[in-house]
Amino acid sequence: MPEHSAIVTGGTRGIGRAIAQALAQDGYSLTITGRRPDGVEQAVSELQGDGAEVHGVALNHTDPEAPAEIVRRHADRFGRLDVLVNNAGVGIGAAADEHQTKFVDLQLNVNLRALILFYRESIPLLKASAEQTGQSHVINLSSISGKSGQPWLSVYSATKAAVVGYTEAMSKELASAHIKSTAFCPGFVDTDMAEFVKEQIPAEEMIRPQDIAEGVVTRVHDPGDPVHAPRRIRRADLNRERGRERWRWTAPTGCGFRTWPASWQRWRRGSRSTAG
């Protein structure tokens with residue numbers, strides 16, 4: 001049995017891949033998930049090439065049975081769970097009078113229902129690890145749109161707001177078991193999900209996936225009390241010093257935010273962006 005292990009959903013690319021890489025470098029054995037078998041296989045191979053102990057599972061998070069199966073496979077492989085990272089998500093832009101039911105359901109199922117079911121399936125393992133080590137963690141990737149709802153991203157915004165609310169509820173409910181829940185609510189991150197806006201906001205001005213990954217590693221090492229409100233981060237709060245980088249949490253009202261530029265409306269009609 002490894003000393004520490006984690007599940008990272010949507011861990012094949014973007015933010016999830018950066019988090020998986022950072023946790024592996026920190027000594028965690030990993031299960032990463034993704035929708036496409038070839039993407040999972042490639043990510044596992046590359047992480048293993050860097051020395052990580054990693055297991056990949058290719059399942060669609062729209063399947064309500066997927067969270068239970070992923071957690072079961074992780075438990076069979078590693079026998080423990082210290083950190084659960086709910087990163088997989090999907091965003092589909094549309095005007096309110098143009099929503100297609102299948103896309104509404106897709107966002108609700110991936111962004112919210114799967115997260116809730118991962119909690120349900122993971123709590124026994126997280127409790128057992130917390131009893132041994134003093135704490136375990138759930139990291140939920142929300143979005144700044146979950147704190148300030150955005151036009152034409154209304155369903156996505158609603159699901160991410162629900163992630164924040166659920167994180168707050170779980171932080172309180174599971175505090176006595178020393179399971180800490182944290183929501184990350186970044187603005188634009190330099191991934192393929194932000195391609196539609198890079199003509200207006202250069203990639204170098206966006207949050208990097210590695211910034212969020214560093215925040216996750218810092219959070220799981222935090223010995224403080226369980227968080228009873230989501231912590232929100234921005235790249236400016238990554239205090240850089242020569243030879244090392246240190247993360248500082250923002251206050252709940254301190255998160256930076258850029259308004260969505262008008263040009264992104266080109267993307268809104270039926271187009272979609274996914275993570276994991």
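Read-outs throughout are calculated quantities, based only on the coordinates presented, and are distinct from any laboratory measurement. Nothing here was measured: the structure is a model prediction, and the numbers come from that model. Here the Cβ positions follow ideal geometry from the backbone for every residue, glycine too, while neighbour counts run over all protein chains shown.
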How would 31, 9 line up from fewest to most surrounding beta-carbon atoms within 10 angstrom? 31, 9
Compute the separation of the alpha-carbon centres of region 109-172 and region 51-78 and state it in Å as a whole number. 18 Å
Scoring region 1-160 by relative contact order with C-alpha pairs under 8 Å, at least six apart, yields a percentage of 23 percent
What lysines sit close enough to residue 180 to cross-link, taking a C-alpha to C-alpha distance under 26 Å and skipping anything fewer than 8 places away on the same chain? 127, 147, 160, 172
Residues 168, 121, 65, sorted so that the one with the fewest Cβ neighbours within 10 Å comes first: 65, 168, 121
Applying the gyration tensor rule to the Cα atoms of region 1-160 (axes a ≥ b ≥ c; rounded if a/c under 1.5, else prolate if a/b exceeds b/c, else oblate), the class is prolate
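Students often check this: by mean Cβ neighbours within 10 Å, which of 51-61, 81-91, 97-107 ranks highest, and how do the rest follow?
Those peptides, ordered most packed to least, come out 81-91, 51-61, 97-107.
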